[in-house]
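Structure record follows, encoded as structure tokens.
The values are calculated or read from the model by the stated rules, or taken from the named source; none is laboratory data. Note that the coordinates shown come from a computational prediction; the quantities given were computed from them, not determined experimentally. Cβ sites come from the backbone with ideal geometry, for glycine too, and all protein chains shown count toward neighbours. Surface areas here come from the heavy atoms of the whole protein model, side chains and all, with no ligands, DNA or RNA. Shrake-Rupley method; radii C 1.70, N 1.55, O 1.52, S 1.80 Å.
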Amino acid sequence: MITYFDACRVLNQYRSDAVSISTMTQTKYWNDVSKQPDLDISIGNAMSKASSLALGIALGAPERQVLCLDADGSLLMNFGSLATIAGAAPNNFYHFVFNNGIYGITGGQPLPTVEVDYAKAAEACGYTGSYRFSDIESLDSSLPQILSNPGPALIEIIVKGEPEHDGVDQTWESNAKMPMQLRALRKNLTGVDDWGPGGPFL
Amino acid sequence: MINGILHPKNVVAQLVEQNVSHYVTLPDSETAHMYEALMAEPSITVVPVSREGEAIPVAAGLFIAGQNPIISIQNAGLYEAGDSLRGLGLGIGLPLVMFIGYRGHNRKGDTPDTAAVMLEPYLHLWRVDYFVIESDEDLDRVPLAFDRAKKTNQPVALAIGTEYAKEPSIDSIMGGAK
């Protein structure tokens, strides 16, 4: 079984200038290891939509690799996105699914089933590549080749669950983070700073 | 009774005028012929989704990447997409025009269809500005919606209150030879 920290550390080694969209527990570890926060989006306020947001970025910026750091519980809430992504077939899309079998953020309740093989599901939907890793050495040795192959690819990572028992802080600043990150990423990708304030947080 | 007709080619012309790049959609009965017209327009890429809740996040991603997307879903699908509208539409200040199929619109007569009954109260509740389009005569509301979305950095809805007209095929123009 792989730890969140090791998975994020290894993934970051091969990231290059890819955009990342992360959600749930892995976000805090990704934020710790990422050297390019201007290319990172943390979705804490729209559970399950990481894969769909990442798909839009991948389609809109086809020259840029997009890494979606998804979670098993989140993907179950948006399972149809596997078919949507496979149909759109962006070759710059890499879909990492951190599988811990629980709802970690809410205290560790079990998913409806832990029997889902997300790599097989992606393959059945038509992803170009699908992989499943439960040890860090295999993940580390395989990632360079996976990321050099065309996507869409789903890389399932079996991780040790880390249930959160103290809840999640909800502050004005924490809710304003994603809108600010999205604006920064648009500016980075387009070179234009034209997305003004909007919504309750900006 | 509906007096006017809404032709898909005229709507597509409006979208081209607005430099729309992507049309993110889950087709519905009101917009079936619109889909056919869009497939014939090379400047707009159609992005099909499996569930309406995906449409707004996909459009948000496209916008972040510098594209100019719209979405098209049915009113019943908009209700399913509520959390996406909240979290990745209203919450982030996304300037997005949303074509919403107004299934059961009572301009066709009294209707018990809750999908129609709920639409305008729903849009008011979520503080989403909207315009209703029922025929070609209403298409001046399309640029208004784009302008409103851009000025407010908020989603704006265009409620399509009629089925798009079926465009005549080459065969029918030539006398139904087939």
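Return the average number of partner chain Cβ atoms within 10 angstrom of each residue Cβ along peptide A:69-82.
Details: counts 0, 0, 0, 0, 0, 0, 0, 0, 2, 6, 2, 7, 7, 1.
Mean partner-chain Cβ count within 10 Å for A:69-82: 2.
Amide H neighbours of B:L26 under 5 Å, counting only residues 5+ apart in sequence or on other chains, H built in-plane at 1.01 Å?
Amide H neighbours of B:L26: B:V49, B:S72.
Which whole number gives the average count of other chain Cβ atoms within 10 Å of the Cβ atoms across peptide A:44-51? Don't skip to the answer; put the middle values down first.
Details: counts 1, 6, 11, 2, 6, 11, 1, 3.
Per residue, the average neighbour count from other chains is 5.
What is the average number of partner chain Cβ atoms found within 10 Å of a Cβ in B:43-50? Before the final figure, lay out the partial values.
Numbers: counts 0, 0, 3, 0, 6, 4, 9, 12.
Neighbouring Cβ atoms belonging to other protein chains average 4 per residue here.
Which whole-Hz ³J(HN,Hα) couplings does segment B:69-81 yield from phi under the Karplus relation 6.51 cos²θ - 1.76 cosθ + 1.60, θ = phi - 60°, glycine and proline marked x?
With coefficients 6.51, -1.76 and 1.60, one gets x, 10, 10, 9, 9, 7, 4, 4, x, 4, 5, 4, 8 Hz.
If you place +1 on the Cβ of every Lys and Arg, -1 on the Cβ of every Asp and Glu, and leave all else neutral, what size is the dipole of the protein assembly as shown about its Cα centre, to the nearest 20 Debye?
On the way: 26 positive and 44 negative charges, 86 e Å.
Roughly 420 debye for the protein assembly as shown.
Show which lysines lie in cross-link reach of A:K160 when reach means a straight Cα distance below 16 angstrom and same-chain residues fewer than eight apart are skipped.
List returned: A:K28.
Long-range amide H contacts for A:G129: which residues qualify at under 5 Å (H placed 1.01 Å from N, peptide plane, sequence gap of 5 or more or a different chain)?
Hits under the 5 Å cutoff: A:A153, A:L154.
In Å, what Rg and Dmax follow from the Cα atoms of segment A:4-165?
Final numbers for Rg and Dmax: 14.1, 41 Å.
Just the number, please: carbon plus sulfur as a percent of the accessible area of the protein assembly as shown, 1.4 Å probe, no ligands or DNA/RNA counted. Provide the component values of the computation, followed by the final result.
On the way: 8590 of 16140 Å².
Carbon with sulfur: 53 percent of the solvent-accessible area.
In straight Cα distance, which aspartates and glutamates are under 17 Å from A:K35, not counting same-chain residues fewer than 8 positions off?
Reachable aspartates and glutamates: A:D6, A:D17.
For the protein assembly as shown, take every pair of Cα atoms, bin their distances at 10 Å starting from 0, and report each bin as a whole percent.
5, 24, 31, 23, 12, 4, 1, 0
Order of B:70-81, A:185-196, A:76-87, A:121-132 by packing, highest average Cβ count within 10 Å first? If you can, show how the numbers build up before the last one.
Numbers: B:70-81: 23.9, A:185-196: 15.2, A:76-87: 20.3, A:121-132: 18.6.
Most protected by this proxy first, the peptides run B:70-81, A:76-87, A:121-132, A:185-196.
Give me, ordered by chain and number, the residues 5 or more places off B:D129 or on other chains with an amide H under 5 Å from its own placed amide H.
Under 5 Å from the amide H of B:D129 lie the amide H atoms of B:A157, each far enough along the sequence or on another chain.
For the peptides B:157-163, A:37-43, what is the packing order when you average, over each peptide's residues, the other Cβ atoms within 10 Å and list the highest mean first? Intermediate values should be presented prior to the final figure.
On the way: B:157-163: 23.6, A:37-43: 19.7.
My ranking of the peptides, most packed first, is B:157-163, A:37-43.
Ranked highest first by the average count of other Cβ atoms within 10 Å around their residues, in what order do B:43-55, A:160-172 fall?
Working: B:43-55: 21.7, A:160-172: 10.7.
Averaged packing, sorted descending, gives the order B:43-55, A:160-172.
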